[in-house]
Amino acid sequence: MNIKEKICSKTQAAIRVLYGQEVPEKLVQVLKTRRESEGHFTLVTFPFVKISKKKPEETAEEIGRELMKDPSLVARFNVAGGFLNLTIADSAWLELLNDIDKDSHYGMKTADDKSPLVMIEYSSPNTNKPLHLGHVRNNLLGYALANIMEANGNRVVKTNIVNDRGIHICKSMLAWQKWGNGETPETSGKKGDHLIGDYYVAFDKHYREEVATLKNRFIGEGMDGEAAEKRAKEEAPLIKEAHEMLVRWEQNDPEVRQLWKMMNDWVYAGFDETYKALGVNFDKIYYESETYLEGKRTVEKGLAEGLFYRKEDNSVWADLTNEGLDHKLLLRSDGTSVYMTQDIGTADMRFRDYPIDKMIYVVGNEQNYHFQVLSILLDRLGFKWGKDLVHFSYGMVELPDGKMKSREGTVVDADELIDDMIKNARRMSDELGKFDDMSEEEKQNVSRIVGLGALKYFILKVDARKNMLFNPKESIDFNGNTGPFIQYTHARIRSVMRKAESAEAQVAMPDMTAGIELHEKEISLIQHLNDFGAVIAQAGKDYSPGGIANYCYELTKEFNQFYHQCSILKEENQDVKQMRLVLTRTVGKVIKSAMALLGIEVPERM
């Protein structure tokens, strides 16, 4: 039981004694005391005035005196209007520290078979190009959110939907057929996803050349520029061939399907390497080449049940005007599906695979309307979680030099970004002398941990709903609100504990009757530790990895202030020394747990 919970319980007991009435827990408001006032926590007494039939100040005074009868919790109090400011006894803080130190899963809730099952979809790549910086943000947000939901006592299924069909896939396939000369990842020395991405860029280059040539010809024949460009884009031989290949794919042409499978397998192998480097994973992967057929069947079933309607051109639509929206296309006139149909099919398959209680989609904010419509349609089709599906909408990532364009090959490649971050971490650590006395293997591992920690923390600390500017140089600073700053503090803590161990110092809470008087920085640090469970709960409620990142930073800052103001290993009072070592160890444990929720490792030494 943390300090707030103890105050709440003791307050309920005090009101029972003073006024002979029971008060529900929700009426007991315990806040952190404002900095300008004396005390650690403030009890709001206005809700109890009707019970006491006295003024707020008198009510607060009476409750304060009653709480003081147990000096193990409240050392003193003061009243400011209807607010009761409580100064917590040192013994209560020490008892709390002891409890946190002994709790190996501190702040975390454990799921059981009856816990809600939350499915989280993230990544959602296309198989015509490698993962880029936008995918990095998506994957890091999705993975961190899965950890946070699990820490809140949910069963979690991490899922991915791979866009492995469509005209964009055929563009890469056609380009490889025309200009690949049998090239493979092995013969080229490239990752499979990079190889296929090169052919996607090659298709676009040749296609734009064809369009430019045709446009000039049509203009020469008397057509205006806009009409000429539109016609050129439609009649360019390459795009026609790509569409023909898509039709053959839809018809299960053996040759096209074999090429499609071979090239997709190259891409999946490449994706797996990137996911491993990022430290993310999935419990279940779905493929749009399978789900789009399910979507068509589900929509046709809904049509038969009168949930949708068919137009004269044979297309199928949903009327959403009662929900304040428009009409939504679900099947084209030729019977082919749209993205909405595919998402319905994926939902149908998932619902059959898992007893989902909540579905969270980690998808960029350009799809806000799509998921508003999907929620309505899934609810109409009878999916129990459809109405309450969560679209974890996040903003785009840009670099200091502008936006990314995948067709032109100007994306910020995920693999190159990861490599650059690790190299930068190695260079900066060498310059700062943080790698002294390390083996080459350890230097490489710490560089990986620090480089990826810098990348992940910089992205996750930002409110996910906002567009963000990613600055690699700023992210890897060892000072300020960065991953390396937090990681270096953890390494400092581990160094202190190793020195204590080598000196055979005792690391155990002293006798509670030792009469230790706590320094204000020790109390503040224990207060921060006390908040960890509430921070996790709030992050789960708000779907906010940024809340965890901010907590890590504040806890780290608080520890560094304590470290510089309070002697640890050189403290002469053995009881105080033992307590400070336990406090240091516990802070290290919580930093490691909090960073792990973000998918970030912390090194043992730097």
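Principal axis extents of the C-alpha atoms in the stretch 1-135 (largest first, rounded to whole Å): 72, 38, 34. The ratio of the alpha-carbon radius of gyration of the stretch 88-179 to the globular-protein estimate 2.2 N^0.38 Å is 1.82. Of all DSSP bridge pairs formed entirely within the chain, close to 50 percent run antiparallel. Of the residues Arg580, Arg492, Arg35, ranked by 1.4 Å probe accessible area with the largest first, the sequence reads Arg35, Arg492, Arg580.
Residues of the stretch 380-397 with amide nitrogen under 18 Å from the 7 Å Cα-to-Cβ point of Asn322? 380-384, 386-388, by backbone N distance to the label point. Sorting Glu290, Glu431 by accessible area puts them as Glu431, Glu290; the probe is 1.4 Å, largest comes first, and only protein heavy atoms count.
Shape descriptor for the chain: Rg over Rh equals 1.07 (Cα atoms; Rh from the Kirkwood inverse mean 1/r). Taken about its Cα centre, the stretch 164-315 carries a charge dipole of about 60 debye when Lys and Arg each add +1 at the Cβ and Asp and Glu each add -1 at the Cβ.
The angle between the Cα long axis of helix 192-220 and the longest principal axis of the Cα atoms of the chain comes to about 50 degrees, rounded to the nearest 10. Given a 1.4 Å probe and the protein chains as shown, Asp265 ends up with an accessible area of around 70 Å².
On the basis of the beta-carbon distance and an R0 of 25 Å, Lys26 and Lys384 show a calculated FRET efficiency of 0.30. P(r) for the stretch 449-606, from all Cα pairs and a bin width of 5 Å, is 1, 9, 18, 20, 18, 14, 9, 5, 3, 1, 0 %, short bins first. Ligands, DNA and RNA left out, the accessible area of the stretch 243-290 computed with a 1.4 Å probe is 50% carbon and sulfur. Karplus-derived 3J(HN,Hα) values for the stretch 226-240, using 6.51 cos²θ - 1.76 cosθ + 1.60 with θ = phi - 60°, are 5, 5, 5, 5, 4, 5, 4, 5, 7, 9, 4, x, 5, 5, 5 Hz; glycine and proline are entered as x. Each listed q (0.16, 0.28, 0.30 Å⁻¹) maps to a log10 I(q)/I(0) for the stretch 432-474 from the Debye sum over equal C-alpha point scatterers, namely -0.54, -0.98, -1.05.
Taking the protein heavy atoms of the stretch 158-217 in the context of the full set of protein chains, the accessible area attributed to carbon and sulfur is 50 percent at 1.4 Å.
The phi torsions of the stretch 430-442, fed into the Karplus equation with coefficients 6.51, -1.76 and 1.60 and a -60° offset, translate into couplings of 4, 5, 8, x, 8, 10, 4, 6, 9, 6, 4, 4, 5 Hz, rounded to whole numbers, with Gly and Pro shown as x.
Under the combined filter of DSSP loop state and at most 11 neighbouring Cβ atoms within 10 Å, the stretch 324-394 retains these trypsin sites (Lys or Arg not before Pro): Lys387.
Helix 339-353 and the longest principal axis of the C-alpha atoms of the chain enclose an angle of approximately 60°. Where both residues lie in the stretch 239-391, what percent of DSSP beta bridges are antiparallel, nearest 5? Antiparallel bridges make up about 80 percent of those DSSP assigns within the stretch 239-391. When the solvent-accessible area of the stretch 11-67 is split by element, carbon and sulfur atoms take up 49 percent of it, the probe being 1.4 Å.
To the nearest 10, the accessible area of Asp436 is 100 Å² with a 1.4 Å probe.
The solvent-accessible area of Glu323, taken with every protein chain present and a 1.4 Å probe, is close to 80 Å². For the chain, the longest principal axis of the Cα atoms and the long axis of helix 368-380 meet at an angle of about 90 degrees. For the chain, the solvent-accessible area with a 1.4 angstrom probe is 47 square angstrom per residue.
Note on the stretch 455-527: Kirkwood radius taken over Cα pairs, Stokes-Einstein applied at 25 °C and 0.890 mPa s, translational D equal to 155 µm² s⁻¹.
Measuring max minus min along each principal axis, the C-alpha atoms of the stretch 1-59 give extents of 32, 28, 17 Å (largest first). For Trp93, Trp266, the ranking by accessible surface with the largest value first comes to Trp266, Trp93, using a 1.4 Å probe. One quarter of the convex hull surface built on the alpha carbon atoms of the stretch 326-485 amounts to 14.1 nm², the projected area averaged over directions. Grouping the Cα pair distances of the stretch 140-216 into 10 Å bins from zero gives a pair-distance distribution of 16, 29, 21, 19, 11, 3, 0 percent in increasing distance order.
The values are calculated or read from the model by the stated rules, or taken from the named source; none is laboratory data. These numbers were taken from a predicted model, which means no experiment stands behind them. Heads up, the Cβs are rebuilt from the backbone with ideal geometry, glycines too, and the neighbour counts pull from every protein chain shown. Heavy atoms of the whole protein, side chains included, go into the accessibility calculation; ligands, DNA and RNA do not. Shrake-Rupley method; radii C 1.70, N 1.55, O 1.52, S 1.80 Å.
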